Structure formats: C-alpha cells, structure tokens
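Step one of this worksheet: look at the structure below.
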Amino acid sequence: MISSKHQRQNVEGWRKLAVWGAMLSCLTAAAVIAASAMATPRTAAITEAAGLQKDVDRLVAAGAPGALLLVRDGDRTVRLTAGLGNVARKTPMRPGDHFKIASLTKSYTATVVLQLVGEGKLSLGDNVEQRLPGLVPNGRKISIRQLLNHTSGLFDYFENPRFLKPYLSGNFGYYWSPRQLVRMGVSHKPLFAPGRGYSYSNTNYVLAQLIVERVTGKSIGAELKRRIFQPLHLRDTIYPTKPGLPSPYAHGYKLLGKPPATDVTGLSPSMSPGSGAIISTARDVADFYRALLSGRLLNPKQLQAMKTTVSERTGKVVVAGPGDGLGIGRSPLSCGGWVHSGELPGYQVEGLSSGDGRRQVVLMVNQDGSTLPKRVNTLLDKLLAKAYCHGA
C-alpha cells in the first residue's frame, strides 16, 4: 500500500486470533463497470477503463476476495469491481456496496475539530488537560494539533493485548467505550515526549472524538452527520453505534491461520470509534474528499493547517515530500496529491485526491492488508499509481 506502516492502523495482534465460524467457499470472479458520460475525460486512465478492469481482476486472481475501484476526473467517474462481496453466497462485489472505511474516518474527525477551531470554540494549541481533565497523564504537554498529526507520543491502544481479549473469545460485538480505549493507551509509557517524534496512534483520534463531544455536548456521530454527512448529501455514509452495515454491503474477511478467510464483518464499531468507525461507499468517500480539498468544509486558514505536514521519521514540519498533516497526508506518488489509507479487520481502503479534489481514486479490498497475500499488496500499489497518476 502506498502509505507507510505508521499511516495505517496496527493490526498485527489480529494474527493471533483463532478461526471462528463456518468454512468459507472458494472465490469466483465477477466484474461490473459503471461510468457516467457527461464531459470528455482529461485522463488516459478513464479512457482506458478496460485496462484498469484487468488490473482490478488481477487483485482477485492474486487472492483478494473482492475489490472495488473508483476513478474520478472532473465530472467523469468510472467504477470497476471484481470478485465477491459475499463469499458464502457468491454475491459479486457491486459498485454501490457499503464498506467500513477504517482509518479514513480520521479525515472526517479532524475536519470536525478544525471546524470548531474556525468557530472559535477550540484552538489547535489547547492542551488535552484543558479539555479532558485528568484523563491523560502529562496532558498539559499534549496539544490538540499533536493529537491530529500523531506527534503526541501516546501509545496506540490497538497494540494493548487486553484490547483483543473479547474478540479472541469470539465475542465480535463486544463494546469498548472511548474512555476505556484511551485508558488502555495511556496505561503504557509514552513513546517519546510530545512533539519530539512521530508515531501513528489510534489513541490520538479517540481523544479528538472525546474533545469534540466535550465542546459540543453532542456525540461525534451527531456532529459528523450535522456538519458533513447532511450538508454534502452523503446519504450512504453513517457513523454506526452497533455492528452491521446498510444494504447492499461488502462482507469483510480476515485470514486467521490457514485459508479460507473468515467473515469478520460483524466486529463492533466500538473498537475504533472516532479513529475508524465510519461506513460509506466509494462515491460518498470521493465526494467528501472533493468537498474537503476544494474548501467547502473548512475556511482557508484551517485547510492550510490540515495540509501542514510533519515527517513520519522526525515529527518535524516538512514543506515537500511525503508527510502527515491533520487527518490527511501528502502522497508519496510522483504525481502528488493527498492521501489516507485505512485498515481494519476485513477491509483495506485507499483514498487519493489531487490538491483541488478534481482527480480522485478510491480503492477498497474486502480483506485487510495485513493478511492479504504479498502479491495482492504489490498489485494494489501499482494499480493506485496507474489509476491516479496516468493522466496527471
């Protein structure tokens, strides 16, 4: 995948899980192409949809259950699918299938925080202790900005063995409260002093969620709906509070031991609330990032703050090349742009957009990257570069 290991959720602990449920049937492949025909496309990638379809098919042939690719250039959109959205029923992946967008959720949470900053209700320089008294040791030294760009030094609760225990027992629907997740993270020593390094941590964004809720008096789901989903008419996007996805949806699979992969769609969204819980479609994801990067959701000052990136090596501000901003990152691809990757058990998602949001790629594979065959991840990287950069 194009992003670094720090830009994705750490799910290595899931390799320890035992196999649950019934055995899954073998894969078959299917392909669906949906394209609008409004304006003349600018990029060769869109005029070569058949070539991209072969690339999507290769992901499935290499071992992915299914895949969905959206390529957008201006007002022209192509959506391509291959493989299965439901292996047990042999249901083909469909262009409009819902899926868990995983850590792309962080872009949405950061947007709400920055809207509150623009409204004068928060400052990026505010410290965690001010907003959430007594929750985080040394919280006076950690700013909201450091939460959003992963320079807080806080341990990622995803790596705490206690986090996995309910799921190890097969209790997919087990509920963790956001404060419980934070306590698991801060029960470990910080990785470094605030602002003295970079380490991707889901704990940061659960804290951001709690700050939003403290300031507004409303849930993060209510604020996302009011501030983003409704104004942008993202009718296929939700912030869930219990397991399950709206129909139609792509089931998510994870390899637990030997093949076949296990259906883990029913895992609780509480495992990654403000850091990874949103459910959406490829079209809605693209619509969100286009609105964000074109300035429809944030004023110029806050959008510039979001685009101010730090090095994943040093945590220092960088003005060129790959780096993490506030909920988005600068793409390492030669054609530039902005990116966020997402990985949860069952789903691998990539979102790429140009600086103005006109050129976009969204790619979803319904098995997490940490358990996909290496060949699939290699092909995935090549497909993203081809689909996004071809006409840049």
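Working from Cα pairs under 8 Å separated by at least six residues, relative contact order for the stretch 123-167 is 30 percent.
Computed with a 1.4 Å probe over protein heavy atoms only, the accessible surface of the stretch 275-391 comes to 32 Å² per residue.
Element breakdown for the stretch 217-356 at a 1.4 angstrom probe: carbon and sulfur atoms account for 54% of the accessible area. Per-residue extension of 0.36 nm, minus the Cα-Cα distance of Glu119 and Phe192, leaves a gain of 23.1 nm for this segment.
Remark on the stretch 134-179: Rg and Dmax equal 13.9, 39 Å (Cα only). The stretch between Arg296 and Arg358 holds 21.0 nm of extra length on full extension. This uses 0.36 nm per residue minus the Cα-Cα distance.
Annotation: per residue accessible area for the stretch 106-150 equals 35 Å², rounded to a whole number [probe 1.4 Å, protein chains only]. What separates the Cα centres of the stretch 196-227 and the stretch 264-280 is a distance of 14 Å. In the stretch 244-301, one over the average inverse separation of all distinct C-alpha pairs is 14.2 Å, which is the Kirkwood hydrodynamic radius. Heavy-atom accessible surface of the stretch 189-263, averaged per residue, reaches 46 Å², computed with a 1.4 Å probe. Only one item in [x] 120; [y] 161; [z] 143 matches volume of the Cα convex hull per residue in Å³ derived from the coordinates shown, and that item is [x].
The accessible surface of the stretch 54-182, taken with every protein chain in place and a 1.4 Å probe, is 46 percent carbon and sulfur. Contact order for the stretch 58-129, expressed relative to its length and based on alpha carbon pairs under 8 Å spaced 6+ residues apart, stands at 18 percent.
If I model a spin label at Thr91 and Asn138 as a point 7 Å from the Cα along the Cα→Cβ vector, what separation in nanometres do I get? Distance between the two pseudo-spin positions: 4.8 nm. Relative contact order of the chain, taken over Cα pairs closer than 8 Å and 6 or more residues apart, is 25 percent.
The values are calculated or read from the model by the stated rules, or taken from the named source; none is laboratory data. Just so it is clear, the model here is predicted, and its values are computed rather than measured. Because the Cβ atoms are built from the backbone with ideal geometry, glycine has one as well, and the counts that use them run over all protein chains shown. What goes into the accessible areas is simple: the full protein's heavy atoms, side chains included, and nothing from ligands, DNA or RNA. Shrake-Rupley method; radii C 1.70, N 1.55, O 1.52, S 1.80 Å.
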